[in-house]
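For reference, the structure is listed below as structure tokens.
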Amino acid sequence: MNFQIPPALAELQQKTRTFIAEQVMPLEADPRQSSHGPDEALRRELVSRARAASLLTPHASPEMGGLGLSHVDKAVVFEEAGYSWLGPTALNIHAPDEGNIHLMEHVATPAQKERWLRPHVQGRIRSCFAMTEPSPGAGSDPSMLVTTAVRDGDDYVINGRKWFITGAEGASYAIVMARMDDGSATMFLTDMDRPGIVLERNMDAMDSCFTGGHGVLRFENLRVPATDVLGEIGAGFRYAQVRLAPARLTHCMRWLGQARRAHDTAVDYVRRRQAFGHPLAAHEGVGFMLADNDMDLQTARLHIWHTAWLLDQGERCNFESSRAKVVCSEALWRVVDRCVQMLGGQGVTAEAPVMRIFTDMRAFRIYDGPSEVHRWSMARKIAQVKGG
């Protein structure tokens with residue numbers, strides 16, 4: 001691996017950093033936000049600013065209007081975007097839209113791309129990914145899927161319930177995972193305004209950075225034309241891996257930016273704040289936390305870059321993406337937790353951005369599979385055993 005950032009990527013990195021500092025961070029206190037994320041008006045303004053800066057949806061292909069970033073390129077740019085909790089929304093690289101765009105580029109038909117993907121890449125619409133279900137349905141174990149799809153003439157009829165569906169409120173279309181008669185899974189595309197889709201409620205969650213929050217959806221005899229099947233019938237679990245392995249990594253990229261923001265805030269504070277006749281940074285206990293933060297940030301970054309490089313070589317990287325997800329989510333959580341400690345009272349109030357980052361980031365150890373599930377999956381592959 002070559003860890004030197006090429007000149008063109010370094011220029012894009014600086015361009016993104018400047019855009020976030022000058023165009024996005026000033027909107028962090030904008031009242032058009034709630035516990036369920038930025039509202040549609042704020043999202044559109046952020047997207048408009050990124051479009052004007054030629055930074056919108058940079059991971060999409062040039063054919064669709066993006067910059068065609070490689071995975072390594074994304075590691076650099078997404079970290080910069082993540083420095084603000086509004087940055088991923090502005091660049092149209094937030095979850096679940098970033099992963100859905102990636103999946104649609106690989107699997108959708110030309111007609112599906114024109115109908116849903118192109119306006120999505122343009123930032124004019126949003127999407128959601130409906131896989132997770134309440135018990136006894138699918139969570140970390142997708143094989144427990146209970147939402148069903150039954151063929152009826154030229155349509156499929158979908159029935160079931162999904163929850164923790166990020167961005168469901170306000171989404172224009174959804175990718176829905178449903179079980180077929182033979183036990184396999186299929187992905188379906190559907191406009192969210194079709195009869196048979198009910199948004200029961202938005203769940204109150206720790207984080208507040210995702211546009212549309214996290215919804216509970218109910219499908220009641222939802223009719224989806226056979227032409228709106230995404231990819232092949234019965235290939236849903238395989239397509240989920242196409243989406244989830246890179247999506248785990250882009251979560252790591254964005255949250256690395258947030259952790260770096262928290263660390264920078266803490267460094268600035270402990271340099272200025274005096275205690276017992278010296279700046280806080282001069283005290284050994286605080287200094288050790290700064291050093292530990294630096295090591296955790298760099299460890300996370302190296303795991304991201306290494307896995308991104310493997311993905312760019314065409315590797316599947318399910319094992320490596322699991323490892324990166326666990327290492328990064330836990331290392332970055334430690335970084336932000338130490339920052340809260342170093343800031344003291346400033347760390348547990350909205351006087352500094354660290355409290356917001358802390359509450360947003362805790363769920364990262366659960367999103368796209370909790371650490372324990374990834375460890376279990378890795379252990380089985382290391383030992384080459386089944387069951388357990």
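The values are calculated or read from the model by the stated rules, or taken from the named source; none is laboratory data. Computed from a predicted model, the values in this text were never measured in an experiment. Using ideal geometry, Cβ is built from the backbone for each residue, glycine included, and neighbour counts are taken over all protein chains shown.
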| field | Selection status of Lys113, basic (Lys, Arg) and either without any contact (Cβ under 8 Å) to a residue 12 or more places away in the chain or surrounded by fewer than 22 Cβ atoms within 10 Å (Cβ to Cβ) (or both) | value | yes
Tyr367: passes all of (1) farther than 15 Å from Asp207 by Cβ; (2) at pLDDT below 95 but (1)
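Okay, residues lined up against (1) surrounded by fewer than 19 Cβ atoms within 10 Å (Cβ to Cβ); (2) touching a Phe, Trp or Tyr at 6+ places or on another chain (Cβ under 7 Å); (3) modelled with pLDDT of 95 or more; (4) charged (D, E, K, R):
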position: Ile101; (1), (2), (3), (4): no, no, yes, no
position: Leu117; (1), (2), (3), (4): no, no, yes, no
position: Ala130; (1), (2), (3), (4): no, no, yes, no
position: Pro134; (1), (2), (3), (4): yes, yes, yes, no
position: Val146; (1), (2), (3), (4): yes, no, yes, no
position: Asp155; (1), (2), (3), (4): yes, no, yes, yes
Being within 21 Å of Glu22 (Cα to Cα), surrounded by 22 or more Cβ atoms within 10 Å (Cβ to Cβ) and at pLDDT 95 or above narrows Pro58, Pro38 down to just Pro38
Take Ala108 and decide whether it is within 29 Å of His214 (Cβ to Cβ), within 18 Å of the chain's Cα centre (by Cα) and of a type outside the set (Val, Ile, Thr).
-> no
Scanning segment 331-352 residue by residue, those over 26 Å from the mean Cα position of the chain (by Cα) and crowded, with 22+ Cβ neighbours inside 10 Å turn out to be Met342, Leu343
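Listed here are the residues, each with its yes/no results for (1) within 31 Å of the chain's Cα centre (by Cα); (2) in contact (Cβ under 8 Å) with a residue 60 or more places away in the chain; (3) outside any helix (DSSP H, G or I).
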residue: His251; (1), (2), (3): yes, yes, no
residue: Arg254; (1), (2), (3): yes, yes, no
residue: Ala259; (1), (2), (3): yes, yes, no
residue: Asp264; (1), (2), (3): yes, no, no
residue: Tyr269; (1), (2), (3): yes, yes, no
residue: Ala281; (1), (2), (3): no, no, no
residue: Gly287; (1), (2), (3): no, no, no
residue: Asn293; (1), (2), (3): yes, no, no
Output for Cβ contacts, cut-off 6 Å, separation at least six or different chains, first residue without any contact (Cβ under 8 Å) to a residue 12 or more places away in the chain and assigned by TED's automatic domain parsing to the domain that holds Arg365 in segment 310-336, second among the hydrophobic types (A, V, I, L, M, F, W, C) and assigned to a loop (DSSP other than H, G, I, E, B), reads Leu310/Cys317
### Query
Within segment 204-225, is there a residue that is more than 30 Å from Gln13 (Cβ to Cβ) and in the same structural domain as Val326 (by TED's automatic domain parsing)?
no
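A quick yes/no check of all residues on (1) under 21 Å from the mean Cα position of the chain (by Cα); (2) part of a loop (DSSP other than H, G, I, E, B):
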site	(1), (2)
Lys162	yes, no
Glu169	yes, yes
Ala174	yes, no
Ala178	no, no
Val198	no, no
Ala205	yes, yes
Picking from Glu63, Glu45, the residue that is over 16 Å from the mean Cα position of the chain (by Cα), without any contact (Cβ under 8 Å) to a residue 12 or more places away in the chain and in a helix (DSSP H, G or I) would be Glu63
Reported set for segment 225-239 where residues are of a type in the set (Val, Ile, Thr) and either over 13 Å from Ala178 (Cβ atoms) or free of Cβ contacts under 8 Å to residues at least 40 places away in the same chain (or both) is Thr227
Note: among Phe288, Phe276, just one is at positive phi, surrounded by fewer than 21 Cβ atoms within 10 Å (Cβ to Cβ) and either in contact with a helix residue (DSSP H, G or I) (Cβ under 7 Å, 6 or more places away or on another chain) or modelled with pLDDT of 95 or more (or both), namely Phe276
Scanning segment 22-35 residue by residue, those in a helix (DSSP H, G or I) and either in the same structural domain as Met253 (by TED's automatic domain parsing) or exposed (fewer than 14 other Cβ atoms within 10 Å of the Cβ) (or both) turn out to be Glu22, Pro26
Restricting attention to segment 66-82, the residues that are surrounded by fewer than 22 Cβ atoms within 10 Å (Cβ to Cβ) and not in a helix (DSSP H, G or I) number exactly 5
Given the conditions (1) hydrophobic (A, V, I, L, M, F, W, C); (2) closer than 26 Å to Arg260 by Cα; (3) not assigned by TED's automatic domain parsing to the domain that holds Ala53, every one holds for Ala149 apart from (2)
In segment 112-157, anything out of contact with any Lys or Arg (no Cβ under 6 Å at 6 or more places or on another chain), assigned to a strand (DSSP E or B) and small (Gly, Ala, Ser) is listed as Ser127, Ala149
Of the listed residues (Thr190, Thr211), the one being polar (S, T, N, Q), in contact with a strand residue (DSSP E or B) (Cβ under 8 Å, 6 or more places away or on another chain), buried (at least 22 other Cβ atoms within 10 Å of the Cβ) and not in a strand (DSSP E or B) is Thr211
